[in-house]
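Read the structure below first, then the notes.
The values are calculated or read from the model by the stated rules, or taken from the named source; none is laboratory data. The structure presented is a predicted model; accordingly, all values stated were derived computationally and were not measured. Every residue, glycine as well, gets a Cβ built from its backbone with ideal geometry; the counts of neighbours run over all protein chains shown. Quick note on the areas: whole protein, heavy atoms, side chains included, nothing else; ligands and nucleic acids left out. Shrake-Rupley method; radii C 1.70, N 1.55, O 1.52, S 1.80 Å.
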Amino acid sequence: MAKTATRARRKAPAKRKSSASSGGAMPWLVIGIAAVGAIAAYDNWKSIRPMLGKAPAAIVRDTAEAKPPVARETPKRVAVAAPAVKAKQAGDPVPPAAIPSAPVPTAKIVPASISPSAPSASQTAKAAFGYCGQGEHINCVGDAGTFWYKGEKIVIADMVSPDVDRARCEDERRIAFAAKSRLLALLNAGPFNMNAAGASDARGAPRVVSRDGRSFGTRLIDEGLAKKPGVAGGSWCA
């Protein structure tokens, strides 16, 4: 029995030594595991980093979803009382009644009547003339005493000339054609004046046509291609 107790006391320090050695190796084991984990994390950092970035966003989203909605306060409407109307008393002054204004007469505007038979006293004209044909007469010469200006028929009032279509003899036809050609030349020589010599009728608008103060009728009379109105001996035949 004494020997067994002695052996037990001798073996006891050995147990303390093994427990001490196991307690000293534990920190180094933890450090080793941490080092291995750090190396693995460094090698797989590219795949771990997105997971770490997404985690806070998911946490924030979950927090936002879990947050209860805040109820807004509805503004209170305050009723404003209408001002009380003061009742009229017997002694209150009565305002005078409105005096109706007399209607203002509106002046009637009567348009001035324009008479087509009242032309202007003088008119300056210029155009390119030709002989009248079968078509529409705009600016053309019909005979020695008649021409059209802008579609209006003009009759030279201070002369009488023969008509080519109504000539009774060869001399009258020749004079009529010469007078017609001379009138065409005078009209195309430049601007000319037309003065009214009466009201327009079915025969045309009577005008005294002139240039530089001398009428075309006087020129044709002086050249023997026309005669003065009302002169006896109007026949052009011998």
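In sequence order, the stretch 143-152 has phi-based couplings of 8, 5, x, 9, 8, 10, 10, 6, x, 9 Hz under the Karplus curve 6.51 cos²θ - 1.76 cosθ + 1.60, θ = phi - 60°, and Gly or Pro positions carry x. Using a probe of 1.4 Å, the accessible surface attributed to Lys150 totals some 150 Å² when neighbouring protein chains are kept in position.
Heavy atoms only, probe 1.4 Å: what % of the accessible area of the stretch 159-238 goes to carbon and sulfur, would you let me know? Write out the running numbers ahead of the final one.
Working: 2190 of 4340 Å².
With neighbouring chains kept in place, the figure for the stretch 159-238 is 50 percent.
The local environment of Arg166, defined by Cβ-Cβ distances under 10 Å, has a net charge of -2 under the rule Lys, Arg +1 and Asp, Glu -1. Annotation for Glu170 and Asp201: the two label points, set 7 Å from Cα along the Cα-Cβ direction, are 3.7 nm apart. Local charge for Val208 was computed over the other residues whose Cβ lies under 15 Å away, with Lys and Arg +1 and Asp and Glu -1, and equals +3. The 1.4 Å probe gives accessible areas that order Tyr42, Tyr149, Tyr131, largest first, as Tyr42, Tyr131, Tyr149. Here the peptides 138-147, 157-166 are ranked by packing, the mean other Cβ count within 10 Å, and the order with the highest first is 138-147, 157-166.
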